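Heads up: the structure comes next, in structure tokens.
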Amino acid sequence: MSGKQDVSFDPKEHQHLRYNPLRDSWVLVSAHRMKRPWAGQVERPPEEHIPRYDPNNPLCPGNKRANGEGNPDYDSTFVFENDFPALQPDAPDPGSEQDPLFQSKAARGVCKVMCFHPWSDVTLPLMKKEEVVKVIDKWAELVEELGTIYPWVQIFENKGAMMGCSNPHPHCQVWASNFLPNEPALSDRCQRAYYQKHGEPMLLQYAKREAEKKERVVVESSDWLAVVPYWATWPYQTLLLPRRHVLRMSDLTTEEREGLAAIMKRLLTKYDNLFEVSFPYSMGWHGAPTGPYLKEDNSHWQLHAHYYPPLLRSATVKKFMVGYEMLAQEQRDLTPEQAAEKLRNLPEEHYKTR
């Protein structure tokens with residue numbers, strides 16, 4: 001290829017690759033594709049008229065679940081063992097297969113469900129700040145309790161039918177495993193390598209740089225920062241970080257937990273206000289491993305939460321991770337800076353309470 005490039009690079013117009021240091025991978029950014037007309041799949045908008053109490057909803061207070069057990073008349077958070085767990089503590093060992101093409105290992109653990117609130121018609125952004133603090137306190141308690149035994153405790157929330165949530169009730173899941181799953185294992189390696197090379201935790205340094213630049217910041221406070229990460233894959237993906245070096249959820253101070261409740265409400269309100277719909281997403285917390293790792297130096301880790309929402313153009317048009325994304329590498333259709341600006345400029349009063 002010959003010839004001089006006359007056009008100056010514009011990230012909003014010209015495709016380019018961005019590096020994700022947490023996964024040692026690249027994402028293709030093709031923002032000009034947002035101009036193409038959409039004639040594909042249109043989703044049903046989320047149900048907006050959810051009853052506060054439904055006698056058939058297994059997560060409501062006082063109702064029976066699939067295994068016949070009854071929920072107490074809880075008035076705050078409520079945690080119970082998942083009735084259909086993906087991990088069980090006493091699963092047999094499959095034995096060690098020596099053939100490198102047919103390997104297996106024992107997988108053991110526990111799966112819990114945690115209801116945030118007794119009402120089905122509220123979500124985290126519509127809960128009171130003190131109610132969200134109780135959720136965070138329970139998260140920290142579960143990380144500490146399960147982390148005494150298990151190397152990894154994964155807190156995650158699938159919000160909305162679009163993300164596979166089958167029960168319209170504010171809740172999350174907590175899975176603890178006797179192994180370090182793929183994503184945190186990869187993140188652990190990348191953060192460790194960065195720390196060994198630069199002498200500071202990657203995400204602590206990243207938060208400082210993003211706070212200075214401002215261009216990808218969505219909401220911030222004295223203790224917390226929420227950004228559309230430079231390497232974001234999902235259209236309105238965000239990364240939520242403490243400004244202080246924090247290894248695990250259980251290490252957060254009372255003030256930091258209150259600050260986290262406030263910034264979560266602000267961020268999730270902006271999400272809902274974007275298309276004036278209860279915004280679907282999958283989110284989860286990553287912190288330093290637990291169990292046997294509690295005795296090791298995990299200074300390379302920084303606590304953080306990932307939010308992965310699928311919506312792209314409207315409440316009914318989502319981003320599909322197919323084709324090129326599945327077979328080659330991740331690709332996105334608007335720049336992280338454009339996404340951050342859209343979210344940042346939205347009001348912080350929820351559209352349902354205006």
**Study point:** Any hit, segment 112-128, residues being open to solvent by 30 Å² or more (accessible area, probe 1.4 Å) and without any contact (Cβ under 8 Å) to a residue 40 or more places away in the chain
**Key:** yes
Check your understanding: What number of residues within segment 219-256 are touching a Lys or Arg at 6+ places or on another chain (Cβ under 8 Å), open to solvent by 10 Å² or more (accessible area, probe 1.4 Å) and aliphatic (A, V, I, L, M)?
Key -> 0
Check your understanding: What about ALA211, is it touching a residue at least 60 places away in the same chain (Cβ under 8 Å) and either over 26 Å from VAL133 (Cβ atoms) or surrounded by fewer than 22 Cβ atoms within 10 Å (Cβ to Cβ) (or both)?
Key -> no
Practice item. Please give the strands (runs of 3 or more DSSP E) falling wholly within segment 290-354 in which 1 or more residues are in the same structural domain as VAL218 (by the TED database), among the basic types (Lys, Arg) and open to solvent by less than 60 Å² (accessible area, probe 1.4 Å). Key: 330-332
Practice item. Quickly run through segment 55-80 and pick out the residues that are in contact with a strand residue (DSSP E or B) (Cβ under 6 Å, 6 or more places away or on another chain) and open to solvent by 80 Å² or more (accessible area, probe 1.4 Å). Key: LYS64
**Study point:** Residue match in segment 146-156 (condition: closer than 22 Å to HIS350 by Cβ and in contact with a Pro (Cβ under 6 Å, 6 or more places away or on another chain))
**Key:** no
Practice item. Identify, by number, the condition in (1) on the phi < 0 side of the Ramachandran plot; (2) free of Cβ contacts under 8 Å to residues at least 40 places away in the same chain that GLY323 doesn't meet. Key: (1)
Point to revise | Of the criteria (1) surrounded by fewer than 20 Cβ atoms within 10 Å (Cβ to Cβ); (2) assigned to a helix (DSSP H, G or I), which one VAL277 fails | key: (2)
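The values are calculated or read from the model by the stated rules, or taken from the named source; none is laboratory data. This structure is a prediction, so every number in the text was calculated from the model and none was measured. Note that we place each Cβ from the backbone using ideal geometry, even for glycine, and neighbour counts take in every protein chain shown. For the accessible areas, the whole protein counts, side chains as well, though only heavy atoms, and no ligand, DNA or RNA atoms are used. Shrake-Rupley method; radii C 1.70, N 1.55, O 1.52, S 1.80 Å.
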